[in-house]
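What follows is one structure encoded as C-alpha cells, with my remarks underneath.
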Amino acid sequence: MPRPGFSICVCPDIQLTKNYINSLLQENPAPEGAWEKHVYWSDEGLPPVFWENLTLQGLFASPKVLMIRNAQNLPIDAWRKLSTSLGQYNPLAWVIIFLEAPYDRGKPKIPAAIKKLPCWKLAETKAWIWQSAGLTERAMRGFIEQWAAQNHMQIEPKIVHALSQVLPQDASAAKNELEKLALAAGDARIIADEHIKDISHDADMDIFAFINALQSGKTPDKVWNKVLSSQAAGDAMIFSFLAMLLREARILWQLYAGETVRLPSGIVQQKKRLATNLGPVRLSKIWDLALEAEMGIKTGERKPEQAMEILVAGLLALFSPKK
C-alpha cells in the first residue's frame, strides 16, 4: 500500500503527534535510504527551500519529510499555493502538516477557508487526516494501557483509573512519570497502588501554591515566575495553565464535597484545608474566570497576554483575604 500523498495531524499535544508520526514513518519507509526530516514554522512563513524540497526530483535527490508546525497560522494565500502543490504526488517529498490549536468543545478548531481547499477535501477522502484532542481524562486511560503494553508492564484496571486522575494531561510529562513508576516497580514489572505516591506533583503544586498564596495575601516569586512564563510563551502555554488551574479547582471542589482524591495524604490535607477556607462560591468562580479567558483568546477579542492579565486580576480579587 503506497504511503499517503501528504498527511495532516490535528492535535494540540505535540508529543502525541510525534508518536503518531513515528509509527507512520515506520509503516512507510523511504524509497531509498532513510527519510530526511525538515521542520518549518508557520510564523516564519514557508521559505524558498521548502518549495524546492517539495518539487525536487531526480537521480540524486534524497527522500524528505517536510513538517509544517502550527500550520493553522499560515496565511490563506500560502495554504492555496500549498494546496496546488500537494495535488502533484512526489515520491521523494512527504509533507506532514501540523494543526496544533486547542480543541473547542471537543472539536478541532480549523479555519473554514482551509477546510474548503482541494487538499483538505482530498485528505478527508483518502483518510490522510489524523485527529486527537490530546490527553483528556478518558484518552489518558488508553495512553496508559498502550504504554504498559509497549513496556511490558502490568497495571490493573483500577490502578489505570487512579493514574488517569493524577497524571499530567500532557503526553511528554505523563510518559516521564510512567517511566519513574516503572523504575519503582523494579523486576516485578507491576505498577501498584503504593507507587502512585511517587508521581511528581510539581505542576499541580505550582497552581495550588498560586491559589493558596493569593488566598493568604502572599505570592512567592516562584509562583509569579510560573504565571509570567505562561504569559510570555503565548496561547499554547496559557491554555496549559488554564488546564492546570481547572484541574486544581476540580480537586479542591471534590475535597470540599468530601469525595476521595488519590493524592499523597500530606497534600490531600493541605488542599482540603484550602478548599474549606475558600468555600463553594469562590471555588466555582474559578470556572467562570477560566472560561472568560479561554473565550477571549479563541474569539480573538483578546490577545493571550491580555487574557492572562485579566485572569490573574480576577483571581487576585477573588482570593484576596477578606478585610
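The values are calculated or read from the model by the stated rules, or taken from the named source; none is laboratory data. These figures come from a predicted structure and were not determined experimentally. When we count neighbours, we look across all protein chains shown, and the Cβ atoms used for this are built from the backbone with ideal geometry, even at glycine. These area figures cover heavy atoms from the full protein model, side chains too; ligands, DNA and RNA do not enter into them. Shrake-Rupley method; radii C 1.70, N 1.55, O 1.52, S 1.80 Å.
Listing for the model above:
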{"quantity": "Fraction of antiparallel bridges per DSSP, the range 1-108 only, in percent to nearest 5", "calculated": "5"}
{"quantity": "Gained length - Ile76 relative to Glu137, 0.36 nm times residue gap less alpha-carbon distance", "calculated": "18.5 nm"}
{"quantity": "Local net charge near Ile286, Cβ-Cβ under 12 Å (Lys/Arg +1, Asp/Glu -1)", "calculated": "+1"}
{"quantity": "Estimated inter-spin distance, Lys37 and Thr84, nm [label 7 Å along Cα→Cβ]", "calculated": "3.1"}
{"quantity": "Net lengthening on full extension, Val49/Ala192 (0.36 nm per residue, minus Cα-Cα)", "calculated": "46.3 nm"}
{"quantity": "Neighbourhood net charge (15 Å Cβ-Cβ; Lys/Arg +1, Asp/Glu -1) for Ile21", "calculated": "+1"}
{"quantity": "Heavy-atom SASA rank of His38, His152 (probe 1.4 Å, accessible area, largest first)", "calculated": "His152, His38"}
{"quantity": "FRET efficiency, Ser284 to Leu56 (Cβ-Cβ, R0 56 Å, nearest 0.05)", "calculated": "0.45"}
